[in-house]
1. Please list, in order along region 120-130, the HN-Hα scalar couplings obtained from phi with the Karplus expression 6.51 cos²θ - 1.76 cosθ + 1.60 (θ = phi - 60°), rounded to whole Hz, x for Gly and Pro.
2. In whole angstrom, and with the biggest value first, how far do the Cα coordinates of region 43-194 range along each principal axis?
3. Quick one: Cα centre-to-centre distance for region 137-196 and region 49-65, in angstrom?
4. If you plug each phi of region 146-161 into the Karplus form 6.51 cos²θ - 1.76 cosθ + 1.60 with θ = phi - 60°, what whole-Hz ³J(HN,Hα) values come out, in order, with x for Gly and Pro?
5. Would you work out what percent of the accessible area of region 84-167, with all protein chains in place, is carbon or sulfur (probe 1.4 Å)?
6. Charges on Cβ only, +1 for Lys and Arg, -1 for Asp and Glu, centred on the Cα centroid of region 43-194; of PHE149, GLY137, LEU94, which one is farthest towards the dipole's positive end?
7. Within region 45-162, how many lysine pairs that are 8 or more places apart, or on different chains, have C-alpha atoms less than 29 Å apart?
8. Just the number please: accessible area per residue for region 43-194, 1.4 Å probe, all protein chains included, in Å².
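The values are calculated or read from the model by the stated rules, or taken from the named source; none is laboratory data. Because the structure is predicted, anything quoted here is derived from the model rather than measured. Here the Cβ positions follow ideal geometry from the backbone for every residue, glycine too, while neighbour counts run over all protein chains shown. We work out accessible area using only protein heavy atoms, side chains counted, and drop any ligands, DNA or RNA first. Shrake-Rupley method; radii C 1.70, N 1.55, O 1.52, S 1.80 Å.
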Amino acid sequence: MQRISGGRSAALSLILAASLAAAPAFAADIEVAGKRVPEQLSDGSHALVLNGAGVRTKFVVKVYVAALYVTAKSSDAATVINSTEPRRIRLQLLREVDSQSLNEALQEGLRDNTPKQELAALKAAADRLSQMMAEIGNAKEGDVVDLDFDARGVTFTGNGKQRGRIDNPAFARALLRVWLGDKPAQTSLKKALLGN
């Protein structure tokens with residue numbers, strides 16, 4: 001009798017293991033500073049996975065949660081910056097930020113991480129960024145800003161609505177360096193975005 005029950009138990013274990021293996025795996029979201037950060041996103045044609053996420057603080061004030069999404073995880077900033085695969089930086093605002101302050105922070109990040117000669121060549125794209133920030137206006141607490149990078153440039157989306165695009169691969173790389181460059185907006189945030 002014991003053998004039969006042991007056999008049934010083994011058979012049930014095999015069936016359970018097979019059914020679990022066949023079940024789809026669902027990635028759990030994580031939480032950063034009270035904001036839900038999905039483990040996976042789609043840019044329409046590609047699945048993007050969370051590379052890392054962290055909080056941008058200015059002095060002691062939490063400004064936004066940033067998350068970096070890529071097609072293949074990497075802890076190497078240069079690999080992410082120079083990739084031609086889709087990448088996304090998602091910013092979830094933790095407080096209201098006026099468009100001028102946001103633009104100034106991005107322009108400062110560009111200056112800090114781009115050689116002067118290259119920055120001069122990117123002036124038209126940087127000016128277009130300033131224009132788009134002014135058109136978008138102030139960002140409110142809870143707003144979501146997506147920057148989608150691809151081989152041709154970068155697309156800006158606010159709360160799910162496309163706000164503009166800059167077709168310039170060199171500018172897209174320069175903009176990624178605001179968070180991932182040698183002089184990032186915040187070193188701890190760079191580490192977090194790279195999964196460190």
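1. 4, 5, 9, 4, 4, 5, 5, 5, 5, 4, 4
2. The principal-axis extents, from largest down, are 32, 32, 30 Å.
3. Region 137-196 and region 49-65 have Cα centres separated by 13 Å.
4. 10, 10, 9, 9, 9, 5, 9, x, 9, 10, 9, 10, x, 6, x, 10
5. Numbers: 2010 of 4420 Å².
Answer for region 84-167 is 45 percent, counting heavy atoms of protein chains only.
6. LEU94
7. Lysine pairs meeting the criterion: 12.
8. With all protein chains present, region 43-194 gives 49 Å² per residue.
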